[in-house]
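Note sheet for the following structure.
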Amino acid sequence: MSIPTQLTSPPPQVPNTLVTFPKPHILLVTLNRPKQLNAIPIAQHHALASLWHWYDNQLYLRCAVLTGTGRAFCAGADLKEWDQHNNNTNPDDGSHQQQPVEGFGGLSNRTGKKPIIAAVNGLCYGGGMEMVINCDLVLASDSNAKFGLPEVTKGVVAVAGALPRLVRIVGRQRASELALLGRVGYTAREMKEWGLVNFVVEGEGDKVVEEAVKVAEEMAGNCSPDAVIVSREGLRMGMEGVGPVLGTEVVMRGVFGRIDKGENMKEGTRSFVEKRKAVWEDKFGELVERG
């Protein structure tokens, strides 16, 4: 990897991730677990958070692009690892620290200083979509990109920052459709109509990455980096209001804690691993009463 001499330090090492610099001032981050559809395991979340912090602190870098290799942008969490976490009987081994405060991929609940563009080249489900929802611009392949939040069908929750932001982007009814039905397969054009995607790109995954880099070049070349940072902060203030970061923390510390490692969460991830239909239990009312 050729590292620009203008950087004050090399990028931190991130497992299953390619870090490149395709054009001046541009960082390209490529998730690289194609056999697992770029599902992100625990260690990678924390390493990505460190990478985004590093990016924010490099004066030379002005815009970043995130994409994936193979047929997926990111299919979400590594549910096999999550299943092991759910069925772990040792509460002190640190496995509960699944994500940093910045959320899924160090991005879904990130505030940060500098913009990140999503180049959605394929399947974008669960945590992958949570990252996209918090990106500044989104380009998606007309032929390959597919979106969805299937968490509820696996007994888990899109609790990494997406839900409050999603309501503000697409409205309550559409957000409810995505989050409460757990359907997948929404197209790039549908997501553009809903306001989640900026540009639909005709062609395969490589084409959408190429176009995303061009958009990043436009931002880095035509716009004052200082003005972009301040403008982005102004947009975030208008977008977040009370604040999805705080809202997510309230859910995580409150009602989510009553289902974490509960029987339905265990069943959801276990049924995924065993490739069968989940059998749910009506336990949540009891959990609320005990809470």
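Since every read-out is calculated from the coordinates, none of them should be taken as a lab result. Since this is a predicted model, take the numbers as computed values, not measurements. Every residue, glycine as well, gets a Cβ built from its backbone with ideal geometry; the counts of neighbours run over all protein chains shown.
Mind running the shape call on region 101-175? Use the C-alpha gyration tensor, a ≥ b ≥ c as the square roots of the eigenvalues: rounded below 1.5 for a/c, prolate if a/b tops b/c, oblate otherwise. Rounded shape, in that the Cα axes give a/c under 1.5.
Taking other C-beta atoms within 10 angstrom as a stand-in for reagent exposure, TYR55, TYR60 fall in the order TYR60, TYR55, fewest first. Applying 1/(1 + (r/R0)^6) with R0 = 30 Å to the Cβ-Cβ distance of VAL152 and ARG189, what FRET efficiency is obtained, to the nearest 0.05? Calculated transfer efficiency: 0.75. Using the Karplus relation 6.51 cos²θ - 1.76 cosθ + 1.60 with θ = phi - 60°, the per-residue 3J(HN,Hα) values for region 49-63 come to 4, 5, 5, 5, 4, 4, 4, 4, 9, 9, 4, 5, 8, 10, 8 Hz, with x marking Gly and Pro. Residues THR111, THR5, ranked from the fewest to the most other C-beta atoms within 10 Å, line up as THR5, THR111.
Computed extension gain for LEU7 through LEU180, at 0.36 nm per residue and net of the alpha carbon distance, reaches 57.9 nm. Near the amide H of ILE40, within less than 5 Å, lie the amide hydrogens of GLY76, ALA77, ASP78, all on another chain or at least 5 residues away, with H placed in the peptide plane.
When you have a sec, figure out the Kirkwood radius of region 133-207 from all distinct Cα pair distances and drop it here in Å to one decimal?
On the way: mean 1/r = 0.0782 Å⁻¹.
Across region 133-207, the inverse of the average 1/r is 12.8 Å.
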